[in-house]
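Just so you know, all these numbers are worked out from the coordinates, no wet-lab data involved. Note that the structure is predicted; figures quoted are calculated from it, not measured. Cβ: placed from backbone, ideal geometry, glycine included. Neighbour counts: every protein chain shown.
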Amino acid sequence: IKNEKNLGDVIDSLLLLSNQVNKVIIDIKVDGIAISLSERAGVQQKGIDDIGKIELMVENKLQLVLYALQEAKSLLPKFSANLSEVSDLLMSGQKHKAMSLFGDSLVTWRKVINYLKTVALTYQLNFNKIMFGEKTIEEKNFELLHVLQEIKRAMEKEDIVSLGDLIEYELIEKVNEQAKIIESLEGIAKKLDEEMLEDIKARLQGQIVGV
């Protein structure tokens, strides 16, 4: 690292270097204090001479992504089961419990989306351009979100028939699609990882030859 004037410059250089060797920085400490990579604006102007020690925790990109995808996939059965229970609760007149469980289901879905965002950011993937069938992954995500919005409206109206149909005929299909999308992303991640490793090997060989 050369010519950096402040902590922000150092972090940017470290992020670039870690990416070049197929790693992801998941934790950073400056003089023993944890720094959030996403919220570092308040400390990035700290002068380079005022920094004693920088500690990094890094992870292999592929390992991080596969973990995120497995976690996302593991949440899908719970997500479907909770929404099926929502329908049962409404049928038995327990609207308050149904709404509470629906809220929990949305939290689960947000976790799935956050895991997918981790994948997209790690490999700089654009879900608006990656196709799944005839539509993009982003469009598929919006389709599931639309079904959730329809389920919420049916719950508010206590329309048990529509709710049951939405869960049985639309939601389950969308959740199954998400599982297949995750499997597809696993394949994409592995292929990208292989390409990155080959690029790293080529650069290292070039450096050795140039010595």
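Checking the a/c ratio against 1.5 first, then a/b against b/c, what shape does the Cα gyration tensor give for the range 25-89? Judged from the Cα gyration tensor, the range 25-89 comes out prolate (a/c at least 1.5, a/b above b/c).
Annotation for the range 126-157: GluC sites (Glu not before Pro) lying in DSSP loop with at most 10 further Cβ atoms inside 10 Å of their Cβ are GLU134. With the simple model of a label 7 Å out from the Cα in the direction of the Cβ, ASN114 to SER162 spans 3.1 nm. One way to sum up the overall shape of the chain is the equivalent ellipsoid from its Cα gyration tensor, whose semi-axes run 44, 22, 12 Å, largest first. For the range 109-163, report the translational diffusion coefficient in µm²/s to the nearest whole number, using Stokes-Einstein at 10 °C, 1.306 mPa s, and a Kirkwood Rh over Cα pairs. Rounded to a whole number, D works out at 124 µm²/s.
Note on the range 83-139: Cα-only Rg and Dmax are 16.3, 47 Å. A simple spin-label model places pseudo-atoms 7 Å from Cα toward Cβ; at GLU71 and ARG153 they are separated by 3.4 nm. Over the chain, dividing the summed -39,500 (n - 2.57) contributions of all DSSP H runs of at least 4 residues by the number of residues returns a 222 nm mean residue ellipticity of -23000 deg cm²/dmol. Note on LYS117: lysines with a C-alpha under 16 Å away, same-chain residues under 8 apart excluded, are LYS61, LYS73, LYS129, LYS140. Distance between the C-alpha centers of the range 181-200 and the range 6-69? Whole Å please. With the range 181-200 and the range 6-69 each reduced to a Cα centre, they are spaced 23 Å. Binning the C-alpha pair distances of the range 138-186 at 5 Å intervals from 0 yields a P(r) profile of 5, 22, 27, 20, 13, 8, 4, 2 %, listed from the shortest bin outward.
With the convex hull constructed from alpha-carbon coordinates only, the range 4-127 shows a mean projected area of 10.1 nm² over all directions. Each of ASP50 and ILE172 was given a label point 7 Å from its Cα along the Cα-to-Cβ line. The distance between the two points is 6.1 nm.
So if each residue of separation counts as 0.36 nm, and I subtract the Cα-Cα distance between MET131 and ILE26, what length gain in nm does that give? Show your work: numbers first, answer last.
Values: separation 105, 0.36 × 105 = 37.80 nm, distance 2.88 nm.
Taking MET131 through ILE26 to full extension adds about 34.9 nm, to one decimal.
Can you tell which of LYS46, LYS78, LYS117 shows the greatest fluctuation in a Gaussian network model of the chain with Cα springs below 10 Å? In this elastic network of the chain, the residue with the biggest mean-square fluctuation among LYS46, LYS78, LYS117 is LYS46.
Remark on the range 96-196: hydrodynamic radius 15.0 angstrom, per the Kirkwood mean of 1/r across alpha carbon pairs.
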